[in-house]
Amino acid sequence: MFRVPCFMFRVPCYMSKIITHSEKETIKFAARLAKQLKGGEIIGLIGDLGAGKTVFVKGLAKGLGIKETITSPTFVLMKVYRLSLNQKKIKNLVHIDAYRIQSSEDIIAIGASEYWQRPDTITVIEWADKIKTVLHRQAKFIKFKIKKEAREIEY
């Protein structure tokens, strides 16, 4: 059963967990979550290599109607995907990968903070724990853990 994370409704809540057993399940979960986004959210993704962070972003993009192939911006650090047929006011999905960032200031230097909390933008940051000090206090974090042949997503 799918439950919408209470942070989407901007109310105090406790963390929830979901277990996904395939890339397809992770994408489906994230696509459903994307339908609850209003714009202005900053979502930080935390987890080890191979834990499902980029797959999750693929699902968010799918749920937002993005047709482009989503790949991790590990070497370019940031990719901006434009939403063209979205019924909501959301116009951009900004996908940031902080894995290779040396300091929090590096993320500011590439212009990422210009997108944060824009009402027409959803910002998703892989390896967000590396730049927590510069993220707006309204950022919400989702943790990914590898559990044998499954993924635990804590949101």
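What follows draws every value from the coordinates through simple rules; no lab data is involved. In this text the structure is predicted, and so the values were computed from the model without any measurement. Quick reminder, even Gly has a Cβ in these numbers, built from the backbone with ideal geometry, and neighbours come from all protein chains shown.
Here's a check for you: in region 34-86, which residue that is of a type in the set (K, R) and part of a helix (DSSP H, G or I) is farthest from K148 (Cα to Cα)?
Among those residues, the one meeting the criterion is K62.
Pick from region 121-152 the residues that are in contact with a Leu (Cβ under 9 Å, 6 or more places away or on another chain) and farther than 19 Å from A51 by Cα: which of them is surrounded by the fewest Cβ atoms within 10 Å (Cβ to Cβ)?
Residue satisfying both the conditions and the ranking: T121.
Could you run through region 112-144 and say how many residues are in a loop (DSSP other than H, G, I, E, B) and aromatic (F, W, Y)?
3
Condition first: hydroxyl-bearing (S, T, Y), surrounded by 13 or more Cβ atoms within 10 Å (Cβ to Cβ) and assigned to a loop (DSSP other than H, G, I, E, B). Now tell me which residues in region 95-111 satisfy that.
Scanning region 95-111 gives a single hit, Y99.
Scan region 133-150 and tell me whether some residue there is aromatic (F, W, Y), touching a residue at least 12 places away in the same chain (Cβ under 8 Å) and on the phi < 0 side of the Ramachandran plot.
Yes, some residue in region 133-150 is aromatic (F, W, Y), touching a residue at least 12 places away in the same chain (Cβ under 8 Å) and on the phi < 0 side of the Ramachandran plot.
Tell me yes or no: at least one residue of region 54-61 is farther than 24 Å from Q117 by Cβ and under 11 Å from the mean Cα position of the chain (by Cα).
Yes.
Look through region 20-33, keep the residues that are assigned to a helix (DSSP H, G or I) and among the small types (G, A, S), and return whichever of them is farthest from D97 (Cα to Cα).
Going through the qualifying residues, I end up with A31.
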